[in-house]
Amino acid sequence: MKKFVSAFARIVLLDAGPLVAIIDRTDRHHAWARQVLPKLGGRFITCEAVLAETLHILGNSPDGIEALRIFLHRMDIVPAINGRVEAVFARLRSFAPQMDLADACLVVLAGANSDSIVVTTDTRDFSIYRVPFLSPEGLFANIAARVP
């Protein structure tokens with residue numbers, strides 16, 4: 001899996017699920033995140049909506065806040081909505097009520113970067129968004145239509 005994902009994606013877009021999983025040892029996807037995330041190559045990116053969701057899921061605990069702060073030094077945080085308001089809200093409307101703001105931002109970022117893959121624990125939702133993604137259930141890169 002590592003060789004294919006590294007060759008496929010130069011940009012790794014991280015969703016909240018893997019961030020929570022890598023930080024929270026009690027998360028059901030913790031072992032998967034610890035195994036997979038270090039093996040991925042490329043530029044790691046997330047956005048502010050994902051960070052807000054991550055901190056919310058972690059309960060804004062001091063340990064969670066500190067762990068996330070340290071982990072963020074390994075990646076870039078991009079303002080996904082800035083300059084992309086219409087695209088983000090178009091995705092939200094298209095997939096309402098299932099899609100949340102963080103997912104919409106990642107889908108728009110994935111659509112803008114053809115060599116990207118979303119890393120998520122949310123297989124159910126991302127399986128309908130038409131972007132390549134990696135989850136604990138596997139790699140879903142053979143997506144017919146990319147979202148612009």
Just to be sure, is Val88 among the aliphatic types (A, V, I, L, M) and within 22 Å of Pro136 (Cβ to Cβ)?
no
Where a residue in the range 127-146 is more than 21 Å from Leu92 (Cβ to Cβ) and its partner, wherever it lies, is of a type in the set (Lys, Arg) and modelled with pLDDT under 90, with Cβ under 8 Å and at least six apart:
Ala144/Arg130
Checking Ile77 against (1) among the aliphatic types (A, V, I, L, M); (2) more than 21 Å from Thr123 (Cα to Cα); (3) assigned to a helix (DSSP H, G or I), which test does it fail?
(3)
Residues to consider are Leu55, Leu51; find the one that is out of contact with any Asp or Glu (no Cβ under 7 Å at 6 or more places or on another chain), surrounded by 12 or more Cβ atoms within 10 Å (Cβ to Cβ), more than 27 Å from Gly138 (Cβ to Cβ) and not aromatic (Phe, Trp, Tyr).
Leu55
Based on this model, can you work out whether Leu51 counts as more than 15 Å from the chain's Cα centre (by Cα), at pLDDT 95 or above and aliphatic (A, V, I, L, M)?
no
Within the range 104-120, does at least one residue satisfy the condition of being surrounded by fewer than 18 Cβ atoms within 10 Å (Cβ to Cβ), of a type in the set (Asp, Glu) and within 15 Å of the chain's Cα centre (by Cα)?
yes
Over the range 26-53, the set of residues farther than 23 Å from Ile65 by Cβ and either of a type in the set (Lys, Arg) or in a strand (DSSP E or B) (or both) is Lys39, Arg43
Could you please find all residues in the range 6-25 being surrounded by fewer than 19 Cβ atoms within 10 Å (Cβ to Cβ), part of a loop (DSSP other than H, G, I, E, B) and touching a residue at least 24 places away in the same chain (Cβ under 8 Å)?
Arg10
Would you call Phe95 buried (at least 16 other Cβ atoms within 10 Å of the Cβ) and without any contact (Cβ under 8 Å) to a residue 24 or more places away in the chain?
no
For the range 54-70, enumerate the residues that are in a helix (DSSP H, G or I) and in contact with a helix residue (DSSP H, G or I) (Cβ under 7 Å, 6 or more places away or on another chain).
Thr54, Leu55, Ile57, Gly64, Ile65, Ala67, Leu68
Given the conditions (1) under 18 Å from Pro136 (Cβ atoms); (2) in contact with a helix residue (DSSP H, G or I) (Cβ under 8 Å, 6 or more places away or on another chain), which single one is not true for Gly17?
(2)
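The values are calculated or read from the model by the stated rules, or taken from the named source; none is laboratory data. Source: prediction; values computed, not measured. In this analysis, Cβ positions are derived from the backbone assuming ideal geometry, glycine residues included, and neighbour counts consider all displayed protein chains.
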